[in-house]
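Notes to accompany the following structure.
The values are calculated or read from the model by the stated rules, or taken from the named source; none is laboratory data. What you see is a predicted model, and the numbers here were worked out from it, not measured in a lab. Note that each Cβ is placed from the backbone with ideal geometry, even for glycine, and that neighbours are counted across all protein chains shown. Ligands, DNA and RNA are excluded from the accessible area calculation, which covers all protein heavy atoms including side chains. Shrake-Rupley method; radii C 1.70, N 1.55, O 1.52, S 1.80 Å.
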Amino acid sequence: QIFNQHNAEALSLEQAFHRMAQTEPNLDHDVSWFLLPSYWAKMVVALSSFLCFANSYDGDFVFDDSEAIINNKDLRAETPLGDLWYHDFWGSKLSSNTSHKSYRPLTVLTFRINYLLAGGFYPVGFHVVNIILHCTISVLMIDVFSILLGGLQFSNKGRRLNLAPKSSLLAALLFAVHPVHTECVAGIVGRADLLCALFFLLSFLGYCKAFRENKEGHTFSILWVLVSVILGAIAMLCKEQGITILGLNAVFDALVINKINLLELIQKLLHKDKSLENAGQLRKGLLFRITLLMSGGASILYIRWRIMGTGPPAFTEVDNPASFADSLFVRAINYNYYYSLNAWLLLCPWWLCFDWSMGCIPLIKSVSDWRIIALAALWFCLIGLICQALCSEDSHKRRILTLGLGFLIIPFLPASNLFFRVGFVIAERVIYLPSIGYCILFTYGFSLLSKQAKKKKILAVAVLGILLINVMRCALRSSQWRSEEQLFRSALSVCPLNAKVHYNVGKNLADKGNQSAAIKYYREAVRLNPKYVHAMNNLGNILKERNELHEAEELLSLAVQIQPDFAAAWMNLGIVQNSLRRFEEAEQSYWTAIKHRKKYPDCYYNLGRLYADLNRHIDALNAWRNATVLKPEHSLAWNNMIILLDNTGNLAQAEAVGREALELIPNDHSLMFSLANVLGKSQKYKESEALFLKAIKANPNAASYHGNLAVLYHRWGNLDLAKKHYEVSLKLDPMAPGTKENYNLLRRKLEQLQKKGG
């Protein structure tokens with residue numbers, strides 16, 4: 001043994017554990033690792049998990065955070081709390097055909113609480129909660145692993161004993177510092193997996209609490225079994241994987257509480273052995289408890305199905321290409337390849353990526369593909385482990401291996417494509433719960449190696465080295481999740497064939513104003529995926545702004561040809577056609593966009609601009625009015641209505657519209673400016689002056705604001721103030737149209753007045 005410099009309390013605990021577990025081998029006997037009192041072990045795990053992800057606390061909202069948090073109306077106070085129960089994770093109605101069907105109302109509720117406490121979208125609070133959740137889960141893992149690795153035993157006072165303190169500490173540390181968890185912790189959307197894991201573990205611990213050991217054997221509490229079912233339901237309301245804990249509780253009951261030998265049981269069932277009628281497991285209430293678990297699970301799934309309202313979500317081929325393959329062989333072989341990649345991420349979490357879709361992993365289409373080796377290796381290992389779990393004469397080994405495989409496989413089943421199509425190829429976040437099984441198997445493997453090794457210190461140091469490398473990898477990966485630019489660029493080396501990676505890098509560059517670099521990445525995204533309509537749309541937009549109209553039109557026309565209901569592409573195509581002065585085609589494109597997205601204020605705004613260019617003033621006003629009805633804060637539509645009414649001499653109507661707009665958007669300086677112009681023409685000089693000054697205070701560097709205020713003073717007869725604001729306007733913009741002429745007129749008038757006065 002090494003690392004055995006511990007206090008007397010720890011030594012006495014170890015002796016007590018050995019006395020309690022004389023009937024079966026103790027895993028800790030062969031594990032060369034630290035032995036710490038329970039309190040210190042939990043402190044070490046909490047500190048380790050905190051160090052891994054602490055540098056993500058002040059990161060931005062990145063990737064899916066925008067849709068799940070910033071654009072999710074369910075977080076805002078004006079949305080009734082009851083709506084959370086009828087909306088999906090992204091804020092869409094579950095009954096909608098476009099809904100993602102991810103039903104996680106409790107996760108959304110925690111986002112809403114974060115938003116309300118912070119008073120807005122400030123990511124620090126969201127990140128801190130995620131870090132705290134992971135630390136809490138990691139600490140709970142010590143209790144969970146102590147049961148899974150050491151068994152469930154109680155003292156005479158009914159207190160649960162930790163019979164594997166060293167093994168449970170090692171397994172918990174492996175879990176706490178695993179780099180594959182970075183997406184769940186550093187990405188705010190990973191809150192769903194963290195909350196699900198928390199209640200998943202509480203459900204398991206609650207199920208264990210149902211049992212007490214006394215002279216007559218095991219008794220159980222129906223109340224705690226029901227509590228476990230309820231906690232499983234709560235886990236599912238955080239994320240769908242949570243329901244799998246009920247199956248794992250049943251497996252744990254059979255293997256640990258009832259000590260069933262699965263191979264013997266299968267053989268007896270096949271041979272209809274009469275000894276089953278008086279089997280011990282029936283006396284211990286196993287069937288009754290499994291019936292409770294199955295009934296609870298079925299009820300939860302039925303309610304979930306009823307709330308979902310419609311069938312499963314509709315994903316596209318780029319989300320999960322293998323699931324769209326015509327050949328059953330191709331689907332099966334690629335699903336298994338995905339499983340092997342998930343296993344590799346657990347074993348060697350070095351190549352991590354925020355998104356594995358869009359060509360990141362090309363399909364295997366024939367058995368001659370060398371990647372078949374990965375499938376063979378996976379199933380060779382799994383079959384070997386399953387054989388050992390079923391056939392080993394060592395009951396302790398059978399139990400640990402079966403529990404390890406159970407926790408590895410069962411929580412992964414919802415993401416396996418076996419029961420329904422999922423919307424991803426690989427998602428690191430879904431490995432959060434299955435990694436529990438990996439940690440069990442790793443720890444058990446380490447104990448076997450320790451038992452055989454002559455130099456145990458070297459082996460222990462090697463494992464300590466793995467933990468330290470994982471801590472550094474977590475810290476590095478967390479820093480990459482702090483901003484979208486770092487996150488997206490980190491994926492270029494991992495998934496260079498992923499069109500979505502190039503698209504996101506391009507979008508990030510475009511948002512920062514670097515259009516030339518953005519074009520390069522958008523073009524690469526389209527090259528990698530010639531049907532990537534969103535990349536075509538964004539590239540077309542940039543080309544439109546750079547006045548490369550013909551190529552923009554080609555791209556946008558191709559996008560709507562590939563996806564005829566792509567409303568944004570139809571609108572952008574209309575803008576390009578309008579710029580090319582093909583007005584009828586532009587109008588048709590706008591109306592097609594509105595047909596596919598009825599509530600589309602930006603499209604109504606652009607349609608109004610088209611009508612204004614064609615001097616169809618009433619149609620323009622109606623279009624802009626529709627835009628403001630759909631989006632009352634649509635400042636551009638309000639401004640255009642005021643300006644059009646002003647230019648056509650309808651000053652009273654323009655004034656009414658301006659006042660209505662300012663009531664809705666009281667701090668919009670452009671609306672103040674437009675209404676001030678109208679009031680000036682209506683000779684309401686005092687009110688006009690007040691609005692001009694308010695607009696200038698909000699935006700002091702707008703030359704036109706100073707220039708038009710100077711015109712107002714010029715008309716009003718306040719010539720000195722007019723001169724002052726003309727000069728400010730010309731200083732800000734020497735080429736301001738009309739300002740120089742007006743200023744020269746004013747100077748001549750002032751000179752004439754001086755001559756008369758002289």
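For region 81-96, a tally of residues being within 19 Å of the chain's Cα centre (by Cα) and part of a loop (DSSP other than H, G, I, E, B) returns 6. Listed here are the helices (runs of 4 or more DSSP H) enclosed by region 645-758 that have at least 1 residues being among the small types (Gly, Ala, Ser) and surrounded by 17 or more Cβ atoms within 10 Å (Cβ to Cβ): 651-664, 669-681, 685-698, 703-716, 719-732. Regarding region 564-571, can at least one residue be identified that is more than 30 Å from PRO496 (Cβ to Cβ), open to solvent by 10 Å² or more (accessible area, probe 1.4 Å) and either assigned to a helix (DSSP H, G or I) or outside the structural domain of ASN504 (by the TED database) (or both)? Yes, that holds for at least one residue.
Filter region 362-395 down to residues that are in a loop (DSSP other than H, G, I, E, B) and among the aromatic types (Phe, Trp, Tyr), then give me how many there are. Result for region 362-395: 1.
Applying a threshold of 8 Å to beta carbon distances and a minimum spacing of six or more residues, or different chains, the list of pairs starting in region 155-166 at a residue that is closer than 14 Å to LYS209 by Cβ and ending at one that is in a loop (DSSP other than H, G, I, E, B) reads ARG160/LEU152; LEU161/SER155. SER146 meets the conditions (1) touching a residue at least 40 places away in the same chain (Cβ under 8 Å); (2) of a type in the set (S, T, N, Q); (3) open to solvent by less than 10 Å² (accessible area, probe 1.4 Å); (4) closer than 27 Å to PHE446 by Cα in every case but one. The failed one is (1). Restricted to region 155-178, and to residues that are open to solvent by 20 Å² or more (accessible area, probe 1.4 Å) and of a type in the set (Gly, Ala, Ser), which residue is farthest from the chain's Cα centre (by Cα)? Going through the qualifying residues, I end up with SER155.
For residues that are surrounded by fewer than 24 Cβ atoms within 10 Å (Cβ to Cβ), touching a residue at least 24 places away in the same chain (Cβ under 8 Å) and part of a helix (DSSP H, G or I), tally how many sit in region 593-604. So the count comes out to 4. Among residues that are crowded, with 19+ Cβ neighbours inside 10 Å, among the small types (Gly, Ala, Ser) and on the phi > 0 side of the Ramachandran plot, GLY120 is not included. Just to be sure, is TRP351 in contact with a Cys (Cβ under 9 Å, 6 or more places away or on another chain) and surrounded by fewer than 19 Cβ atoms within 10 Å (Cβ to Cβ)? Yes: the conditions hold for TRP351.
Among the residues of this structure, VAL129 counts as one that is outside any loop (DSSP other than H, G, I, E, B) and under 18 Å from the mean Cα position of the chain (by Cα). For GLN1, the criteria (1) closer than 29 Å to ARG399 by Cα; (2) at pLDDT below 75; (3) open to solvent by less than 70 Å² (accessible area, probe 1.4 Å) hold in every case but one, which is (3).
The condition (being under 22 Å from ARG597 (Cβ atoms) and open to solvent by less than 30 Å² (accessible area, probe 1.4 Å)) is satisfied by just one residue among ALA518, ALA559, ALA525: ALA559. Would it be correct to say that LYS451 is within 23 Å of the chain's Cα centre (by Cα) and either at pLDDT below 95 or β-branched (Val, Ile, Thr) (or both)? Criteria not met by LYS451. Considering region 631-644, the residues that are open to solvent by 70 Å² or more (accessible area, probe 1.4 Å) and of a type in the set (A, V, I, L, M) include one that is farthest from LEU679 (Cα to Cα), namely LEU636.
In region 510-532, the residue that is farthest from GLN563 (Cα to Cα) out of those that are part of a loop (DSSP other than H, G, I, E, B) and under 25 Å from the mean Cα position of the chain (by Cα) is LYS512.
I'd like to check something: does region 287-304 contain any residue that is under 23 Å from the mean Cα position of the chain (by Cα) and at pLDDT 70 or above? Yes, because at least one residue in region 287-304 is under 23 Å from the mean Cα position of the chain (by Cα) and at pLDDT 70 or above. For LEU549, the stated conditions hold: it is surrounded by fewer than 24 Cβ atoms within 10 Å (Cβ to Cβ) and without any contact (Cβ under 8 Å) to a residue 60 or more places away in the chain. Contact map, region 435-451: first residue farther than 26 Å from LEU194 by Cβ and in contact (Cβ under 8 Å) with a residue 12 or more places away in the chain, second residue open to solvent by 30 Å² or more (accessible area, probe 1.4 Å) and not in a helix (DSSP H, G or I), Cβ cut-off under 7 Å, separation 6 or more or different chains; pairs are SER447/ASP30; SER450/ASP30; LYS451/ASP30. Residue check, PHE424 against (1) assigned to a helix (DSSP H, G or I); (2) closer than 30 Å to SER323 by Cα, all met but one. Which one? Of (1) assigned to a helix (DSSP H, G or I); (2) closer than 30 Å to SER323 by Cα, only one is false for PHE424: (1). Restricting attention to region 393-411, the residues being at pLDDT 95 or above and in contact with a Lys or Arg (Cβ under 8 Å, 6 or more places away or on another chain) number 0.
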